[in-house]
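Read through the structure below, which is laid out as structure tokens, and then see the notes.
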Amino acid sequence: MKVIFWGVRGSIPTPGLQTAKYGGNTTCFEVRLDDGRIIVIGAGSGIRALGNKLMTEDMKKGPLNLNLFVSHTHWDHIMGFPFFTPIYIPGNRIRVHGPVNIGDESLESVFAIQMSYNYFPMRADELSADITYEILKEGTFNLYDDVKITTKILNHPVIDLGYRIEADGCVFVTVYDHEPFRNLFDGNPEDEDYDEVAKIEGEKAAKINNSKVQHFIRGADLLIHDAQYTRKEYLASKIGWGHSPMEHVLLSSIKAGVKRLALHHHDPTRTDAELDVIERVVKRRADRVTSARIEVFMAREGLEVQL
């Protein structure tokens, strides 16, 4: 299994000289299995360049048969779909998998909205490829007989799934967009609406859900995890925004026995120089944990990781 990074930025594309090293495209990853089968995770702006590569290289062998998984339907994670050239080519087969936030809303309608005439010159029903949509919930299923996929609900202001892919003797996991679960009832005992029982139960629930996420990532050969903020930034003003402090991500990954950790979903204000500094700091933190056997690095467009 090989994982190729096509988009690693969060929230909005950020092209420019100050983001050229790590990249300014929003999230997209190509998972290429040993026999050539392709799984795509994320339809952010990075999927445009992936589509161009598939057109010039893979389509020489015939029509494409792709599975595209999206973590959630916030715009930065689906905005590249209308610019993904394979969807316009007859004979291509593309299966789109992901969650939706409203029970009676289809995944297809969410993707179609951004291709209505108000926003885009072509409508979704004019696409030439064979495109199907499957709504996912938390659980485990086989994509093929030899590819096991487990989904995990994450903590974000919309229904959001992490993916654990087990194939070719490897484990690849994505966790984004995600914030550590916290006790929502941890209030001031002097407030008149303070509820001691709710506080205790809230603490239990947060602990249980954080443990479930740690179990989800356990033993990953490669984990791509949301790490948009530093702990200082998170505590100062980002609690509740749905993203993780990187110090928490590192510690959780070490405890879970993760082998390689790619810090991902870089803040749109973060420059290459700032990411260089943060990467050095995080690596030093990992080195100080004597029991840690983890390789940690900043996700970067163009990076290829062979598992």
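For the reader, a short list of remarks on this structure follows.
- Karplus-derived 3J(HN,Hα), 6.51/-1.76/1.60, for each residue of the range 236-252, Hz, glycine and proline x: 6, 7, 10, 5, x, 7, x, 9, 9, x, 5, 5, 5, 4, 4, 4, 4
- Cross-link reach list, lysines versus residue 60, counting only Cα pairs under 23 Å and skipping chain neighbours closer than eight places: 2
- Angle of helix 196-217 to the longest C-alpha principal axis of the chain, folded into 0 to 90 degrees and rounded to 10: 40°.
- Here the Gaussian network model covers the chain, with springs between Cα atoms less than 10 Å apart; of 108, 57, 247, 57 fluctuates the most.
- Among 212, 61, 283, residue whose mean-square fluctuation peaks in a GNM of the chain (springs only between Cα atoms under 10 Å): 61
- Footprinting exposure proxy for 194, 176 (fewest neighbouring C-beta atoms within 10 Å first): 194, 176
- Value of [θ]222 nm, deg cm²/dmol, for the chain, DSSP H segments ≥ 4, -39500 (n - 2.57) each, nearest 500: -7000 deg cm²/dmol
- Karplus-derived 3J(HN,Hα), 6.51/-1.76/1.60, for each residue of the range 10-15, Hz, glycine and proline x: x, 6, 7, x, 9, x
- Pair residue 198, residue 34: separation of 7 Å Cα→Cβ label points (nm): 5.3 nm
- GNM on the chain, alpha-carbon springs under 10 angstrom: the most fluctuating residue among 285, 164, 270 is 285.
- Rounded to the nearest 20, the Cβ-based charge dipole of the chain about its Cα centre (Lys and Arg +1, Asp and Glu -1) stands at 1240 debye.
- For the chain, the residue among 85, 124, 278 whose Cα projects farthest onto the positive side of the dipole built from Cβ charges is 278.
- Angle between the chain longest axis and helix 47-56 axis [Cα atoms, degrees, rounded to 10]: 30 degrees
- Test item: Cα-centred dipole of the range 162-255, Lys/Arg +1 and Asp/Glu -1 on Cβ, debye: 520 debye
- Distant-in-sequence amide H partners of residue 100 (H built 1.01 Å from N, under 5 Å): 136
- Spin-label pair residue 143/residue 17, simplified geometry with 7 Å Cα→Cβ offset, distance in nm: 4.0 nm
- The antiparallel fraction among DSSP beta bridges confined to the range 2-306 stands at about 50%.
- Inter-label distance, residue 212 to residue 288: 3.3 nm, where each label sits 7 Å from its Cα along the C-beta direction.
- Amide H partners (placed H, <5 Å) of residue 133, local residues excluded: 96
Computed from the coordinates by the stated procedures, all read-outs in this text should not be read as laboratory data. What you are looking at is a predicted structure, and each value in this text was computed from that prediction instead of being measured. Methodologically, a virtual Cβ is constructed for each residue, glycine included, from the backbone with ideal geometry; neighbour enumeration extends over all protein chains shown.
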